Amino acid sequence: MNDNTPDTAPEFHDRVVLITGGTSGMGLATARLLLDGGAHVVVTGRDEARLQRTAAQLAQASDGGARLLTVRADAASTADLDRLVSVVGDRHGRLDGVFANAGVGVFQPAAEVREEDFDHVVGVNFKGVFFTVQKSLPLLDASRGGASVVINASWTLHRGMAHAPVYAASKAAVHNLTRTLGSDLAGRGIRINSVSPGYIVTEMFRSVVPDPADREPLRAEVPLGRLGGAEDVAETVAFLLSPRSSYITGQDIGVDGGLVTVIPSVLNTSSTPAA
Ligand SMILES: NC(=O)c1ccc[n+]([C@@H]2O[C@H](COP(=O)([O-])OP(=O)(O)OC[C@H]3O[C@@H](n4cnc5c(N)ncnc54)[C@H](OP(=O)(O)O)[C@@H]3O)[C@@H](O)[C@H]2O)c1
């Protein structure tokens, strides 16, 4: 290739990215987007049969599975994470990016939270994210344009919501991690950021709001006027994983249609005086 030849390699060509919780929702959408961009992708989940169904769904995007590795691993188990990192090391020898996405929601008023609910949510959403990042460090390789970690946080860390006391606090904890680890990992050439999705229609969302009629008041809260899709978040995660965001670390990006930062307009625009 001479200097005048455009580089047509897809953006993630030859990059290796680990996605925890990639069998549905935002993890799955991100896996598909990165595979389309040429990446080698490692996807985890807790259930082998579900992982196989995911591999079948992604077969075309992953060149018949050649660029996809699925590994059964519970993000809350450090033994599983050790095994995961060992498998990824054997297959690829390095990681260019990690999307610490696996998360669970147990939504109930504070008075009803049981100790096992607390341990489950904190175990996956906080402990799981911390050790996913820590145990990936030996493989994260900054020599090819910098390595990048993205954590899936939540709008609930920014704005109080009843019925989410433990969930929201677990997300606030990982948001804080992006700052402390942003400082800790910068010297290794590793960037770390989080995304805070708003109302995103995934399995988790459907389990909390099963009746579509109950979603209308939520949609009405969103200034951009629609609920989000997993692909909305995947696009932002891909940006943060790519060298296009090479000067961004320690940040949180809301992917929420404005839910946290602005209110829907209540004024009739035709009667609003020109500014
Ligand atoms: N949907 C929303 O409105 C919303 C808003 C803000 C933030 N979030 C966050 O977004 C992330 C993704 O959620 P989603 O909405 O895309 O939900 P989802 O469709 O239910 O996907 C959750 C994924 O996490 C995996 N998972 C759950 N527990 C796991 C564990 N212990 N170890 C490994 N994998 C595990 C699930 O896989 P298996 O079941 O196969 O194990 C699944 O692939 C979560 O961290 C969630 O808190 C969601």
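The values are calculated or read from the model by the stated rules, or taken from the named source; none is laboratory data. Not measured: the values here are computed from a predicted model. In this analysis, Cβ positions are derived from the backbone assuming ideal geometry, glycine residues included, and neighbour counts consider all displayed protein chains. In case anyone asks, the SASA skips ligands and DNA or RNA and just uses the protein heavy atoms, side chains included. Shrake-Rupley method; radii C 1.70, N 1.55, O 1.52, S 1.80 Å.
Before moving on, here are some points about what is shown:
- In order along the stretch 35-51, the phi-based Karplus estimate (6.51 cos²θ - 1.76 cosθ + 1.60, θ = phi - 60°) of 3J(HN,Hα) comes to 4, 4, x, x, 6, 8, 10, 10, 10, 10, x, 8, 10, 4, 4, 5, 4 Hz; Gly and Pro are listed as x.
- Note, ³J(HN,Hα) from phi for the stretch 73-83, Karplus 6.51, -1.76, 1.60, rounded to Hz, x at Gly and Pro: 7, 7, 4, 7, 9, 5, 5, 5, 5, 4, 5
- Over 18 Å [Cα-Cα, the stretch 113-228], rounded percent: 59 percent
- By average C-beta atoms within 10 angstrom, highest first, the peptides 192-205, 37-50: 192-205, 37-50
- Using the alpha carbons alone, the radius of gyration of the stretch 1-107 stands to its Kirkwood radius in an Rg to Rh ratio of 1.03.
- Binned Cα-Cα distance frequencies in the stretch 41-96 - 5 Å width, integer %: 4, 20, 27, 24, 19, 5, 1
- Selected from Gly182, Ala168, Gly225, residue furthest toward positive end of dipole (the stretch 129-275; charges at beta carbon): Gly182
- Residues with amide H under 5 Å from that of Val255, placed H, sequence gap 5 or more: Ser196, Gly198
- Signed unit charges on C-beta, dipole axis of the chain, positive-most listed residue Gly254, Val85, Gly21: Val85
- For Lys127, the solvent-accessible surface computed with a 1.4 Å probe is close to 90 Å², ligands and nucleic acids excluded.
- Spin-label model distance (nm) - Met161 vs Val87, 7 Å beyond Cα toward Cβ: 3.1 nm
- Put simply, the Cα atoms of the chain extend 59, 54, 39 Å along their principal axes, the longest span coming first.
- Where labels lie 7 Å past Cα in the beta-carbon direction, separation of Leu224 and Val262 in nm: 1.1 nm
- Separation between Cα centres of the stretch 17-71 and the stretch 200-223, rounded to whole Å: 26 Å
- The phi torsions of the stretch 180-193, fed into the Karplus equation with coefficients 6.51, -1.76 and 1.60 and a -60° offset, translate into couplings of 5, 6, x, 6, 4, 9, 4, x, 8, x, 10, 8, 9, 9 Hz, rounded to whole numbers, with Gly and Pro shown as x.
- Between the stretch 72-97 and the stretch 111-150, the alpha-carbon center distance in angstrom: 12 Å
- Highest average first, the peptides 84-91, 23-30 ordered by how many other beta carbon atoms sit within 10 Å of their residues are 23-30, 84-91.
- Shape of the stretch 178-275, Cα gyration tensor, a/c cut at 1.5: oblate
- For the chain, the solvent-accessible area works out to 48 Å² per residue, with a probe of 1.4 Å and every protein chain left in place.
- Rolling a 1.4 Å probe across all protein chains gives Arg219 an accessible area of roughly 80 Å².
- FRET E, pair Ser183, Ala213, Förster distance 51 Å, beta-carbon r, rounded to 0.05: 0.65
- Just so you know, the averaged projected area of the alpha carbon convex hull for the stretch 44-178 sits at 9.4 nm².
- In the chain, helical runs assigned H by DSSP with n ≥ 4 each contribute -39500 (n - 2.57); averaged across all residues and rounded to the nearest 500, the mean residue ellipticity at 222 nm is -11000 deg cm²/dmol.
- Summary value for the chain: 18 percent relative contact order, contacts being C-alpha pairs under 8 angstrom separated by 6+ residues.
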